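> One structure is given below, represented as structure tokens, and several questions about it will come after.
The values are calculated or read from the model by the stated rules, or taken from the named source; none is laboratory data. Everything quoted here is computed from the prediction, not taken from an experiment. Neighbour counts run over all protein chains shown; Cβ positions are idealised from the backbone, glycine included.
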């Protein structure tokens, strides 16, 4: 009986670490995007970065809940905002942020629609 309890504890701990580690990996990319927006916000203060941060906040909350459909939808909108340079963001900032986002965002995992063309 003791060995069954010990194995159960080990299994539960391993499962917890696997799930916790997965959640951390899933949120790391959104944190990196948020940090990047904050960087550009400080370097291009005349642009309105609030909607970009807002979208990423919605995505982070959706990730925490496991709502993949909302992640896909909101990130598609976020990429489109970048492409259109919505809210007066600087062209260089938009291009650099877009390229960085392509690297860190798990686009295929969430089947995110990424607009192309324009300034990219």
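> Quick check, is residue 29 modelled with pLDDT of 95 or more, surrounded by 16 or more Cβ atoms within 10 Å (Cβ to Cβ) and within 14 Å of residue 105 (Cα to Cα)?
yes
> For residue 63, state whether it is part of a helix (DSSP H, G or I), more than 13 Å from residue 37 (Cα to Cα), more than 11 Å from the chain's Cα centre (by Cα) and modelled with pLDDT of 95 or more.
no
> Could you figure out which of (1) over 11 Å from the mean Cα position of the chain (by Cα); (2) buried (at least 18 other Cβ atoms within 10 Å of the Cβ); (3) within 21 Å of residue 107 (Cα to Cα) isn't true of residue 40?
The number of the failed condition is (3).
> Look at segment 82-120 and say how many of its residues are within 15 Å of the chain's Cα centre (by Cα) and assigned to a helix (DSSP H, G or I).
13
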